[in-house]
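Notes for the one structure printed next.
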Amino acid sequence: MKLAKGMAAALLLSLGIAWGLSWLPQGGSQADPVFRPGGAGYLTETNLVDALASVPLDLQIASANLQHGMLSVDLFLPKGVSGERFVYHDLYGLFAFSWNSTANVNHLLVRVLQPNNGDRHSKELLLAMEAKRSQWNRELLPMDSPVSLFKSELEKQGNFSYTPVWMKQN
């Protein structure tokens with residue numbers, strides 16, 4: 001009889017603990033909202049790396065930063081690589097990600113860099129792009145579109161600065 005009372009008490013205690021735990025907020029990481037299907041999520045410093053890793057890019061990300069709704073990304077173009085196709089594809093990918101997959105990125109800054117004289121640690125600027133969510137026309141191109149369409153669409157919706165090095169190479 002004592003054994004049955006002890007087991008019943010343990011069962012009631014276990015049920016009480018389980019019921020109490022069910023009222024606690026669900027676990028999960030800060031990264032979850034960006035990847036939630038069916039809508040844009042919030043990009044944070046906590047989920048920035050994972051979110052950008054989900055963007056299909058050809059170029060390497062040299063650095064990324066998110067502050068007050070402004071996403072800044074430096075892309076690295078290896079020396080000797082014909083850049084126009086890769087660069088505009090990746091710029092458009094970041095553009096689409098910023099406006100379609102996030103709810104809180106309102107300003108996108110992207111710089112494309114290459115090694116200066118073959119030294120990966122010394123970088124020179126090739127081009128810079130600035131885009132704002134308010135300039136977005138809300139119609140995105142398919143990611144397999146020709147580079148000329150990406151370029152023209154980006155130039156309509158963003159501001160570009162090209163260096164003489166970029167102009168000479170392209």
- Note on the structure: Expected output for segment 151-163 (first residue farther than 9 Å from residue 128 by Cα, partner open to solvent by less than 20 Å² (accessible area, probe 1.4 Å) and of a type in the set (A, V, I, L, M, F, W, C), Cβ below 7 Å, 6+ apart or cross-chain) is 154/91; 154/95; 154/129; 157/131; 158/129; 158/131
- Query: Which condition breaks for residue 132 when tested against (1) more than 19 Å from residue 54 (Cα to Cα); (2) open to solvent by less than 40 Å² (accessible area, probe 1.4 Å); (3) out of contact with any Asp or Glu (no Cβ under 7 Å at 6 or more places or on another chain)?
  - Reply: (2)
- Of the conditions (1) within 20 Å of residue 158 (Cα to Cα); (2) open to solvent by 50 Å² or more (accessible area, probe 1.4 Å); (3) under 12 Å from the mean Cα position of the chain (by Cα), residue 137 fails just one. Which one is it? (3)
- Task: Could you tell me whether any residue of segment 2-19 is assigned to a loop (DSSP other than H, G, I, E, B), basic (Lys, Arg), out of contact with any helix residue (DSSP H, G or I) (no Cβ under 7 Å at 6 or more places or on another chain) and at pLDDT below 90?
- Result: no
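This table checks each residue for (1) touching a residue at least 60 places away in the same chain (Cβ under 8 Å); (2) open to solvent by 10 Å² or more (accessible area, probe 1.4 Å).
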site	(1), (2)
43	yes, no
47	no, no
59	no, yes
67	no, yes
74	no, yes
84	yes, yes
87	no, no
101	yes, yes
- Task: Filter the helices (runs of 4 or more DSSP H) completely within segment 52-170 down to those with at least 2 residues that are at pLDDT below 90 and closer than 21 Å to residue 42 by Cα.
- Result: 83-100
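The values are calculated or read from the model by the stated rules, or taken from the named source; none is laboratory data. Just so we're clear, the structure is a prediction, and the values are computed from it rather than from any experiment. With ideal geometry, Cβ positions are generated from the backbone for all residues, glycine too; neighbour counts draw on all protein chains shown. For accessibility, only protein heavy atoms count, side chains too; no ligands or nucleic acids. Shrake-Rupley method; radii C 1.70, N 1.55, O 1.52, S 1.80 Å.
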